[in-house]
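Here is the structure we will look at.
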Amino acid sequence: MTKLRIVLAEDHKMIREALRMLVNAQADMEVIGEADDGLAAIALVETQQPDVVVMDVSMPQLNGLKATETLKQLHPDVKILVLTRHTDRGYVEQLLRSGAQGYVLKQSASEELVRAVRRVAAGQIYVDPGVTEQLVNSVVGSRRARDSHARRNLTKREEDVLRLVAWGLLTKEIAARLDISMKTVETHKANAMRKLGMSSRIDVVRYALFQGWLQES
């Protein structure tokens with residue numbers, strides 16, 4: 001079995017040691033490197049090329065947000081799973097905008113982290129259930145009726161494309177799965193987002209949470 005290669009970026013030694021024990025206890029993953037600040041995490045990814053980085057937010061030298069933004073610019077394919085205690089909706093959205101594929105709360109059960117690592121490694125978006133309700137609430141209210149109406153106006157193909165975008169698949173991956181061209185994927189995506197009044201990736205994630213799509217993936 002080829003194991004998932006994991007880098008841990010966490011400045012608290014005791015937490016890092018606990019994370020290492022948890023990850024290495026899984027048959028399908030292993031820790032290949034550890035960093036205690038954002039700059040060290042970036043350097044470690046450069047040399048080790050992991051599948052997933054478990055990234056703490058509050059670190060010295062360079063915080064998790066800036067480190068995530070930098071890593072996604074340098075290594076677009078690396079998957080980043082943010083680990084934090086923050087449940088604020090704005091904070092979650094900011095990190096997802098930075099390019100993180102997942103968001104897990106430190107106060108959640110250990111099984112949540114393991115599940116998140118596997119989902120993120122598979123190219124999917126993962127949001128801790130502890131913050132899902134807050135993200136869902138951001139599309140409820142004045143937008144609810146409009147979104148419901150707009151969804152009825154989506155074509156089946158537009159909805160299929162949007163669902164896969166929410167899951168974190170790239171344009172070429174969506175094209176291969178649906179057996180259509182990448183240009184057609186982009187057209188369906190643009191049309192769906194226009195109909196739903198979306199302007200960013202986080203809008204798609206919020207809508208997918210509201211529709212229950214992420215739980216299906």
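Every number in this text was worked out from the coordinates using simple rules, so none of it is lab data. These figures come from a predicted structure and were not determined experimentally. Glycine also receives a Cβ, built like all others from the backbone with ideal geometry; neighbour counts cover every protein chain displayed.
General remarks:
- Applying the condition of being hydrophobic (A, V, I, L, M, F, W, C) and either over 19 Å from Arg119 (Cα atoms) or free of Cβ contacts under 8 Å to residues at least 24 places away in the same chain (or both) to segment 33-55 and asking which residue is surrounded by the most Cβ atoms within 10 Å (Cβ to Cβ) yields Ala41.
- Of all residues in segment 169-183, exactly one satisfies the criterion of being buried (at least 16 other Cβ atoms within 10 Å of the Cβ) and polar (S, T, N, Q), namely Thr171.
- Some residue of segment 178-189 being on the phi > 0 side of the Ramachandran plot and not in a helix (DSSP H, G or I): yes
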